[in-house]
Amino acid sequence: MKKESMNKRQQKAVETKNKIYETAKHLIKEYGIENVSVDSIVETAGVSKGAFYVHFKSKDEVLTTLVNDYTNIADLDYKSFLLTLSDHESIFDILTQLVGEISDFIEHSIGLDNMRALYKAHLSKTVDTTSAMSYNREIDKLFREVLERGVNQGEVREDIPVDLIAKHLILSMRGAIFEWCVRYPDFNLKEQVLVHYKILLYGLKK
C-alpha cells in the first residue's frame with residue numbers, strides 16, 4: 001500500500017512538472033520568452049509558485065529545457081525532410097532545399113521574438129544554450145553527410161575539408177538568422193538565405 005501511494009505521488013509530481021513545462025512552452029511561443037514570467041506560468045497552469053520551484057530552480061531552467069527540446073525537434077525535422085529528397089538530386093539542390101526548410105522552421109515554429117531572446121541568451125549566458133550552439137548537433141552531421149556524398153559523387157571540390165565546409169555553412173546560416181533578428185521586417189529570412197547559399201555553394205562546385 002505504501003509503495004502504491006508513493007507511486008501515485010511520484011506520478012502526480014511528474015504530471016505537475018509536465019503541466020508547468022507545457023504551459024510555459026505555450027505561453028513563450030505565444031508571447032515571447034521575455035514577456036512570460038513565473039507568475040504568469042503558474043497562474044495559467046493553475047499551480048502554486050511553490051510547486052513551480054519544486055520542479056524548476058528558475059524560469060531560466062525552464063528555458064534551458066525548452067532550448068534543448070526545440071534543438072532536438074528541429075534536428076529531427078531537418079533529418080526527416082532530407083529523407084524525402086531523392087538521392088538522384090544534385091547535392092547543391094539538396095543543400096538549398098535544406099536551408100530553405102531550416103528557414104521555414106526558424107520563422108514559423110520558433111518565431112522572431114524567441115530567436116531574438118535565444119541570441120541574447122547566447123551572449124548573456126543566463127541560460128544554458130550549449131545544445132543549440134554545439135557543432136555535434138544532428139544538423140551539423142547532416143551537412144557533413146551531404147557534403148561527403150557530394151565529394152564522393154564528384155560534385156564538391158576536395159581541396160577543402162568537409163568538416164570545415166559544414167562548419168562555415170552553419171556559421172553563415174546563423175549569421176543570416178541574426179540579420180533577420182536585427183533587420184526585420186526589412187530582411188526576408190528564407191529569401192536572403194537562398195540568395196546567400198547560392199553564392200556560397202557556387203564556390204564549392206568542382
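Of note:
Yes or no, residue by residue, for (1) closer than 19 Å to F81 by Cβ; (2) in contact with a helix residue (DSSP H, G or I) (Cβ under 8 Å, 6 or more places away or on another chain); (3) not hydroxyl-bearing (S, T, Y):
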site: T130; (1), (2), (3): no, no, no
site: L147; (1), (2), (3): yes, yes, yes
site: G154; (1), (2), (3): no, no, yes
site: R183; (1), (2), (3): no, no, yes
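- Selection status of N72, part of a loop (DSSP other than H, G, I, E, B) and either surrounded by fewer than 16 Cβ atoms within 10 Å (Cβ to Cβ) or hydroxyl-bearing (S, T, Y) (or both): no
- Among the conditions (1) surrounded by fewer than 17 Cβ atoms within 10 Å (Cβ to Cβ); (2) more than 17 Å from the chain's Cα centre (by Cα); (3) at pLDDT below 95, K59 misses just one, which is (1).
- Taking the criterion of being under 17 Å from I102 (Cβ atoms), surrounded by fewer than 16 Cβ atoms within 10 Å (Cβ to Cβ) and either among the hydroxyl-bearing types (S, T, Y) or more than 13 Å from the chain's Cα centre (by Cα) (or both), the residues of the range 120-143 that qualify are S134, Y135, K141.
- The residues in the range 73-86 that are without any contact (Cβ under 8 Å) to a residue 40 or more places away in the chain and within 8 Å of the chain's Cα centre (by Cα) can be counted, and the count is 1.
- If you check V162, V146, V156 for being touching a Gly at 6+ places or on another chain (Cβ under 6 Å), closer than 24 Å to E89 by Cα and surrounded by 14 or more Cβ atoms within 10 Å (Cβ to Cβ), only one passes: V156.
- L98 being assigned to a helix (DSSP H, G or I), in contact with a Phe, Trp or Tyr (Cβ under 9 Å, 6 or more places away or on another chain), at pLDDT 95 or above and surrounded by 13 or more Cβ atoms within 10 Å (Cβ to Cβ): yes
- Residue match in the range 46-55 (condition: surrounded by 16 or more Cβ atoms within 10 Å (Cβ to Cβ), closer than 27 Å to I106 by Cα and touching a helix residue (DSSP H, G or I) at 6+ places or on another chain (Cβ under 6 Å)): no
The values are calculated or read from the model by the stated rules, or taken from the named source; none is laboratory data. In this text, all values refer to a predicted model and were calculated from it rather than measured experimentally. Cβ coordinates were reconstructed from backbone atoms using ideal geometry, including for glycine residues, and neighbour counts include every protein chain displayed.
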